[in-house]
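> Below: one structure in structure tokens.
Only the coordinates and a few stated rules stand behind these numbers; no lab work does. Fair warning: this is a prediction, and the values are worked out from it, not measured in the lab. When we count neighbours, we look across all protein chains shown, and the Cβ atoms used for this are built from the backbone with ideal geometry, even at glycine.
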Amino acid sequence: MSTETTAPSSTAPPPDSARRQRRSAFASAWLGWMLDGFETYAIVLVGSLVVTDLIGPKASPIWFGVVLAVQLLAWAVGGLASGVLIDYFGRRRVLMFSILLYAVATGLAALSPNFAVFLVLRVFAGLGMGAEWGPGSALVAETWADRSRGKGVALLQSAFGVGFLVATGVFFLLRDAGPDTWRWMLLIGAVPALLVLLVRRSVDETELWRSSDARRRDASRRARAGEALDAEERALTVFTLRRIFADPTSRSRMLRLLALSTASLVGWWAVSTWIPQFAGAAVKAAGASTSTVTLIVLAYNVGGVLGWLAWGVLADAIGRRWTLWGYFAGALVMTWVLFGLSWHSLGALTAVVFVNGIFTLGQMGWMATYPAELFPTAVRGSAITTVFNASRVVAAVGAVLAGSIVAGLGGIAAAGLTIGSIYVLGLVFALIAGPETKGKPLPS
């Protein structure tokens, strides 16, 4: 697969226009991803209320796991599909459609009369949420300066953690709203529909994609006409995912990146899912107010936001690979510390949860930065969304089996220690996933 770069096009927008496009693309992607984060964590916070309200107080806890699993699987499918779509139809169009889909589905889910309707609507919401990340990340990566792309993309990814913070705060304010708390939370999740207007009015397609799409269309036209094509031109006519896995170099990179994303997502799923219950047990043992659990979860999300921001600074300073390795090392150590010790001091527990969030949640910034710099524009969308979404299938299975995992391993602490050890996989692959890309132009 060609990874050659090209000089800036003579038709590239002037500096002022480029800056305006960069700001508009970033604002739209940031807001969309922040509201994705809100919606993702909102369902974690209110999922048990949904099950109790729509099924009954005696409903099995497995139904909460089903809700999470359905959302994760739909997210993965939507993400994988959007990657292909943004390579063929552009970043801007798919971004608008994805935001509208998950906003409308979320608003309708708030009105669900029964659990079956709720679950179907969560499928559509998950598809839209999964589809939003790819076009937003590609827009930012393709409009940001090479020397500071790590910071720009990390700042974008921090929006997800901000969404977690907003969801936690809103839930704290609505916690006494009774059985309809979950409905109010989801109605707020319909707000992103208004964001489509901003995208439509102010965001243009990236010059990199326009140029790549023009070359692809020209190669396809010439191929249909029976004209001879060189190797690079023939590659442009091949379906994006097939092109990635047919080329030995890109296939090897993709498989190593998938190992990294599996470690990141499965580890994060385990930690973020079990912290509320783990903290709840410690709070109960200390005789403290149940609202303390919310503050501990808030500390985790604040740590995640800071971790995302630090990722960008470090990745641009010392490189992508060593920063990634350091984050995996920190995630492994802090997860072992969190679940391996007994916590009699809630202040100490909160501090450890905060630092854990820096590494386990904050490390997600690499998935929007590093893969985008390893694959050319024609397949960039397909590549980054495959890395980001394929491993969610594993996390979805874990969500369904969470109760069995905890019971089988002897409790949340043992489960956290065991599943959290998957970060070792990240330590193995962080330095060999691909070449260093700090400060280099995106491959064309």
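> Just to be sure I understand: if I project the alpha-carbon convex hull of the chain onto a plane and average over all orientations, what area do I get in nm²?
On the way: hull surface 84.6 nm².
Directional mean of the projected Cα hull area for the chain stands at 21.1 nm².
> Right, another one. With label points built 7 Å along Cα→Cβ from the Cα atoms of A223 and W322, find their separation and express it in nm.
Label-label distance for A223 and W322, simple model: 4.2 nm.
> Got the relative contact order for region 45-123 handy, in percent, Cα pairs under 8 Å and 6 or more residues apart?
Details: 39 pairs, mean separation 27.3, N = 79.
Result for region 45-123 is 35 percent.
> What's the Kirkwood radius of region 337-444 in Å, using all Cα pairs?
Values: mean 1/r = 0.0601 Å⁻¹.
One decimal place: 16.6 Å for the Kirkwood radius.
> Along region 313-318, what does the Karplus equation 6.51 cos²θ - 1.76 cosθ + 1.60 (θ = phi - 60°) give for ³J(HN,Hα), rounded to whole Hz, x for Gly and Pro?
Going residue by residue, I get 4, 5, 5, 7, 8, 10 Hz, with x marking Gly and Pro.
> Would you mind ranking R215, R234 by Cβ crowding within 10 Å, fewest neighbours first? Let's see the in-between values first.
Working: R215 16, R234 13.
In increasing order of surrounding Cβ atoms, one gets R234, R215.
> Still on this structure: Rank the residues Y88, Y41, Y370 as a footprinting-exposure proxy: fewest other Cβ atoms within 10 Å of their Cβ go first. Mind showing how you got there, number by number?
Working: Y88 15, Y41 24, Y370 27.
Ranking Y88, Y41, Y370 by Cβ neighbours within 10 Å, fewest first, gives Y88, Y41, Y370.
> In addition: So, by mean Cβ neighbours within 10 angstrom, what's the order for 134-144, 73-83 with the highest one leading?
On the way: 134-144: 27.5, 73-83: 24.5.
The most tightly packed comes first, giving 134-144, 73-83.
> For region 150-214, just the Cα atoms, rotate onto the principal axes and tell me the three extents in Å, largest first.
Principal extents (largest minus smallest coordinate, Cα): 55, 27, 17 Å.
> Just need the relative contact order of region 286-444 here, percent rounded to a whole number, with Cα pairs under 8 Å and 6+ apart. Kindly include the intermediate steps, with their values, before the conclusion.
On the way: 172 pairs, mean separation 57.4, N = 159.
RCO, region 286-444: 36 percent.
> Take the alpha-carbon centre of region 92-108, take the same for region 250-304, and report the distance between them in whole Å.
Distance between centres, Cα-based: 27 Å.
> Which length gain, in nm to one decimal place, applies between A116 and A351 when the Cα-Cα distance is subtracted from 0.36 nm times their residue separation? Don't skip to the end; give the middle numbers.
Working: separation 235, 0.36 × 235 = 84.60 nm, distance 4.02 nm.
Extra length available between A116 and A351 comes to 80.6 nm.
> List V196, V293 from most exposed to least, where exposure is judged by having the fewest other Cβ atoms within 10 Å. Don't skip to the end; give the middle numbers.
On the way: V196 18, V293 21.
By the 10 Å Cβ count, ascending, the order reads V196, V293.
> Rounded to the nearest 0.05, what FRET efficiency is calculated for R210 and V397 with R0 set to 25 Å and r the Cβ-Cβ distance? Write down the numbers at each step before the final one.
Details: r = 40 Å, r/R0 = 1.59.
For R210 and V397, the calculated efficiency is 0.05.
> Identify which of L108, L54, L229 has the largest mean-square fluctuation in a Gaussian network model of the chain, with springs joining Cα atoms closer than 10 Å.
Among L108, L54, L229, the largest mean-square fluctuation in the Gaussian network model of the chain belongs to L229.
> Provide the FRET efficiency to the nearest 0.05 for the V428-S342 pair, computing r from the beta carbons and using R0 = 51 Å.
Values: r = 30 Å, r/R0 = 0.60.
The calculated FRET efficiency here is 0.95.
> How large is ³J(HN,Hα) for each residue in region 274-286, as worked out from phi by the Karplus curve 6.51 cos²θ - 1.76 cosθ + 1.60 (θ = phi - 60°), to whole Hz, x for Gly and Pro?
Along region 274-286, the couplings run 9, 4, x, 6, 4, 5, x, 5, 5, 5, 5, 5, 7 Hz.
> Between F239 and S421, what length comes free when the chain is fully extended (0.36 nm per residue of separation minus the Cα-Cα distance, one decimal in nm)?
Values: separation 182, 0.36 × 182 = 65.52 nm, distance 3.66 nm.
Between F239 and S421, full extension yields 61.9 nm more.
> Among all the lysines, which ones have a C-alpha under 23 Å from K151's C-alpha, if same-chain residues fewer than 8 places away are not counted?
Cross-link targets: K438, K440.
> Which of the chymotrypsin sites (Phe, Trp or Tyr not before Pro) found in region 205-303 are loop residues per DSSP with 14 or fewer other Cβ atoms within 10 Å of their Cβ? Provide the component values of the computation, followed by the final result.
On the way: sites: W209, F239, F245, W268, W269, W274, F278, Y300; in loops: F239.
Here the sparse-neighbourhood loop sites are F239.
> What are the ³J(HN,Hα) values, in whole Hz, obtained from phi via the Karplus relation 6.51 cos²θ - 1.76 cosθ + 1.60 with θ = phi - 60°, for each residue of region 75-89 in sequence order, with x given for Gly and Pro?
With the stated coefficients, region 75-89 comes to 4, 4, 5, x, x, 5, 5, 5, x, 5, 4, 6, 6, 9, 10 Hz.
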